[in-house]
Amino acid sequence: MWFNEEKKIPIISVRLFTKLTSIETVKRDENGKEIGFVIPGNNHHIAIYKNKEGKYSQHTCTFWQAVERKKYKVPVVIYNTSHVWNKAIEETLPDNFLKKLPEDNLTLEYSMQQNEMFILGLSKEDSEKALKENNKSLLSKHLYLVWSVADNNYWFRHHLETKNSELKKTEGAKESKRYYLFKSVGAFLNSNPTKIRINQLGEIIKIGE
C-alpha cells in the first residue's frame, strides 16, 4: 500500500485506535508516554482472602498479571500477602505492578482456577466424614469443577456434566444443581466449599489449598 504511489512513499506501519479500557501498558517512549499496549486476556484465577478481622474479600488475577508475577518472581497464587509486600519493599518493584496485588496482611482461604475441583453443598461435618471414610458415592454427588470465574461471578458445573454452553440455558439445570452460579463471596462460602485435588486414578490426593 502506498502513501504516495507517484513518489514511491509506502505505508510501512499504521496506528490502531480502539475504545478498549481493559488494557495494560507494555512499552513507553523516552518521555514515559505509553506507546505499547496489550489486552490482559481472561482471568487466570480468583482468590478469596481473609483479613485479621475475619472479613473476606476477592481478588482477580488476569493471565497477564499472572505472567507479570512470574516475571518478578512472585507466586502466581499468593498465599500470604505480607510475604509478597515485604519482598516488594526490599526489591522496589514497579508501582504499576504493585497496584494490582492483593492488599497487605491477608491470608488466602480459597483460589479458583478453571477445572479445579470443589465439594459444594455438603455441611462441613458431612463433608469431613465423607472424605475420611472415602465415601465416593456421596462425594461424587457434590463434586464440581470450576467452569469459569469473574468478579462476583463464579460458575461451577457438576463433574459428570459435559462441558457445553447449552447447560446454562437448560430449563431446570440450576434448580437440580447440575451447575452452580455464585454472585458473591458470601454466597460461595454458604455452600461450604472444600477444595480437593484428584489424581489420574480418581483418588483424592489433597484437601484444601
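The values are calculated or read from the model by the stated rules, or taken from the named source; none is laboratory data. Note that the structure is a prediction, hence the values are computed from the model and not measured. No Cβ is skipped: glycine too gets one built from the backbone with ideal geometry, and neighbour counts run over all protein chains shown. Side chains are part of the model used for accessible areas, which takes the heavy atoms of the whole protein and leaves out ligands, DNA and RNA. Shrake-Rupley method; radii C 1.70, N 1.55, O 1.52, S 1.80 Å.
Observations on the model:
- Test: residue in the stretch 141-153 that is in a helix (DSSP H, G or I), farther than 30 Å from Ala88 by Cβ and open to solvent by 80 Å² or more (accessible area, probe 1.4 Å): yes
- Within the stretch 88-116, the set of residues being touching a Leu at 6+ places or on another chain (Cβ under 8 Å) and within 12 Å of Arg69 (Cα to Cα) comprises Ala88 only.
- Only one entry of Ser176, Ser165, Ser140 meets the criterion of being more than 19 Å from the chain's Cα centre (by Cα) and within 20 Å of Ile198 (Cβ to Cβ), and that entry is Ser140.
- Taking the listed residues Lys132, Lys206, Lys136, Lys195, the one that is in contact with a Gly (Cβ under 9 Å, 6 or more places away or on another chain) and modelled with pLDDT under 95 is Lys136, with no other qualifying.
- Within the set Glu68, Glu103, Glu90, the sole residue that is of a type in the set (Asp, Glu) and buried (at least 16 other Cβ atoms within 10 Å of the Cβ) turns out to be Glu68.
- Taking the conditions (1) without any contact (Cβ under 8 Å) to a residue 40 or more places away in the chain; (2) loosely packed, with under 15 Cβ neighbours inside 10 Å in turn, Asn134 satisfies each one other than (1).
- Count of the stretch 154-170 residues which are aliphatic (A, V, I, L, M) and in a loop (DSSP other than H, G, I, E, B): 1
- Residues of the stretch 122-131 satisfying the condition of being touching a residue at least 40 places away in the same chain (Cβ under 8 Å) and open to solvent by 20 Å² or more (accessible area, probe 1.4 Å): Ser123, Lys124, Leu131
- Residue pairs meeting the criteria (Cβ under 9 Å; at least 6 apart or on separate chains; first farther than 24 Å from Ile48 by Cα, in the stretch 85-105; second loosely packed, with under 13 Cβ neighbours inside 10 Å): Glu91/Lys73
- A Cβ distance below 6 Å, combined with a sequence gap of six or more or placement on separate chains, defines the contacts here; from the stretch 183-209, residues that are under 20 Å from Asp151 (Cβ atoms) and open to solvent by 60 Å² or more (accessible area, probe 1.4 Å) reach no residue that is assigned to a helix (DSSP H, G or I) and of a type in the set (Asp, Glu).
- When residues of the stretch 154-168 are limited to those that are surrounded by 17 or more Cβ atoms within 10 Å (Cβ to Cβ) and modelled with pLDDT of 90 or more, the one farthest from His45 (Cα to Cα): His158
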